[in-house]
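Here the structure comes first, spelled out in structure tokens, and everything after it is commentary.
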Amino acid sequence: MTSRQQLDQLIDRLRRDVHGVVITATDPDYAEARLVEARPGGAHPLAIVRARDTADVQTVVNAARESGVVLAVRGGGHSAAGHGTVDDGLVLDTSGLKGLDIDVQARTVRAGAGLTAGECVRATSQHGLATGFGDTAAVGISGITLGGGLGLLSRRYGMTIDALLAAEVVTADGQVWEVDAEHEPDLFWALRGGGGNFGVVTAMTFRLDDVGETTGGVLVLPATPEVLTGFLAAAEEAPREVTTIVTIMPCPPVPFVAAEHHGTPVLFTTLVHVGPAEAAPEALAPFRTLAPPLADLIRTAPYADLLAWEEIPSLPFVSRSNFFEQLRLEDAGELIDAAGAGPGPMRLIQLRVLGGAVGDVAEGATAFGFRDRRIVSYLACMAHDPAGLDEATTWADRALDLLDDGDRAAYVNFVGDGPVGAQDCYPPATWERLREVKAAHDPGNLFRHNHTIPPAAS
């Protein structure tokens, strides 16, 4: 057990050696600095270190390893399980690592791990280029990349990890590695889907794709079983230039939907077509003709403008995820009913049809191992306060049962605290290989405050 004196010495060491900022409970910005998305009440870390450079990351990693204090790594703070903070441990906040170097001719960008998707995309989009980082501008690029990265360009250009060319990573021994397909290929393989189990990524080099013309936005449709199943079928049959997200949820009081629909279930859908604007209407027509839209905000706009903005919510919530192949009409009706009549102030069931470029990459080429799955789900139920989380958990588990295909496979970036564990996020052969890489680079399991992959036995 670490004594109070030893902890004080650890803080003094960090204050002395770190170039960035060390925040403790005595500092006025501690209350805000300790918050992350899935834990709005926050944890109470021993200290939060806002790294300014890679040397700071090395300093914190070494201090955590040598002291035995639990280490949490925070990028954008959007971990579905709230892994970006920890009670009585060190939080390494990489959000200050904002370096950005765009090579337009080579179509690459070297991006600091602290950048958000919006910051990176807005910069590269000035050249008509982008990397797909999810669907939310506020998400940190490091966390979404390490888990795989599904977003608005996935069916056209693949997952974020498919655009990752190289990474700078600080491993548990404090060393800095530059890894790619030729240098430490096993570690590079593991970083592409294995989460934060292998080190702290401080910078990444991505391929940039041509997104000069995009058409997309929000299409709100009535929530009926026929429209929902029809939407999923249209998404699967759409050309790979079209990526979709459909969310079943009570309609919030947005001005672009008639007040009579507020509070009742609707299908909030997001569609993005990559390519000439004149080709978009035909590609998107199958979605618009499913039913008279309650709102149609689809327009031709720069890709950066199509990313949604998302603030860290102020209410606690429970989330679940899985992969499934088919939604029956009767289950679609039950999902809609669940979204409309459940606990808490908000419930949502989000479905993303995969395929297209996601399935182009060979199975086993990256640590993301479910390239052949048809649909991935993300379910969330908010509570007014922590006392309501039990009801939210019951709701989320029952809703997930409606999508159960008989296994527990899930997308690691969407997995919160719940019955699905890290091992469910990887095929068996991938899991065993990840454990071997973990044993090689983090045998003491320093990076365990995540969806933990235990090191293979020596």
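For the range 210-244, which positions are more than 24 Å from the chain's Cα centre (by Cα) and polar (S, T, N, Q)? Those that are more than 24 Å from the chain's Cα centre (by Cα) and polar (S, T, N, Q): Thr224, Thr229. When you look at Leu219, is it assigned to a strand (DSSP E or B), without any contact (Cβ under 8 Å) to a residue 60 or more places away in the chain and under 26 Å from Arg156 (Cα atoms), yes or no? No; evaluated as a whole, the condition is false for this residue. Checking each residue in the range 266-321 for being over 22 Å from Ala223 (Cβ atoms) and small (Gly, Ala, Ser) picks out Gly275, Ala277, Ala279, Ala280, Ala283, Ala301, Ala304, Ser314.
Restricting attention to the range 172-209, the residues being among the polar types (S, T, N, Q), within 22 Å of the chain's Cα centre (by Cα) and surrounded by fewer than 22 Cβ atoms within 10 Å (Cβ to Cβ) number 1. Among the numbered conditions (1) of a type outside the set (S, T, N, Q); (2) open to solvent by 10 Å² or more (accessible area, probe 1.4 Å); (3) part of a loop (DSSP other than H, G, I, E, B), tell me where Ala233 comes up short. Unmet condition: (3). Take the residues in the range 116-149 that are assigned to a loop (DSSP other than H, G, I, E, B) and open to solvent by less than 10 Å² (accessible area, probe 1.4 Å); name whichever of them is farthest from Glu237 (Cα to Cα). It comes out as Ala137. Would you say Leu434 is modelled with pLDDT of 95 or more, in a helix (DSSP H, G or I), open to solvent by less than 40 Å² (accessible area, probe 1.4 Å) and of a type in the set (A, V, I, L, M, F, W, C)? So Leu434 fits the description; yes.
Restricted to the range 103-115, and to residues there that are in a strand (DSSP E or B) and not small (Gly, Ala, Ser), the residue that is least open to solvent (accessible area, probe 1.4 Å) is Val109. Among residues of the range 385-394 being free of Cβ contacts under 8 Å to residues at least 60 places away in the same chain and not polar (S, T, N, Q), the one that is nearest to Leu335 (Cα to Cα) is Glu391. Looking only at residues in the range 336-351 that are part of a strand (DSSP E or B) and either open to solvent by less than 20 Å² (accessible area, probe 1.4 Å) or touching a Cys at 6+ places or on another chain (Cβ under 7 Å) (or both), the one that is farthest from Ala238 (Cα to Cα) is Arg347. Just one of the numbered conditions (1) more than 17 Å from Leu315 (Cα to Cα); (2) modelled with pLDDT under 95; (3) of a type outside the set (Gly, Ala, Ser); (4) open to solvent by less than 50 Å² (accessible area, probe 1.4 Å) is not true of Cys381: (1). Evaluation of Gly416 against the conditions (1) part of a loop (DSSP other than H, G, I, E, B); (2) open to solvent by 40 Å² or more (accessible area, probe 1.4 Å) shows that the sole unmet condition is (2). In this structure, does Gly193 turn out to be under 29 Å from Asp56 (Cα atoms), in contact with a Ser or Thr (Cβ under 8 Å, 6 or more places away or on another chain) and either part of a loop (DSSP other than H, G, I, E, B) or small (Gly, Ala, Ser) (or both)? So Gly193 passes the test. Pairing each residue of the range 273-302 that is under 20 Å from Val257 (Cα atoms) with any residue that is surrounded by fewer than 14 Cβ atoms within 10 Å (Cβ to Cβ) and charged (D, E, K, R), provided the two are 6+ apart or on different chains, yields C-beta distances under 9 Å for Leu290/Glu226; Ala291/Glu226.
The values are calculated or read from the model by the stated rules, or taken from the named source; none is laboratory data. Since we're looking at a predicted model, the values are computed, not measured. Virtual Cβ from ideal backbone geometry, glycine too; neighbours counted across all protein chains shown. These accessible areas exclude ligands, DNA and RNA; they are computed on the full protein's heavy atoms, side chains included. Shrake-Rupley method; radii C 1.70, N 1.55, O 1.52, S 1.80 Å.
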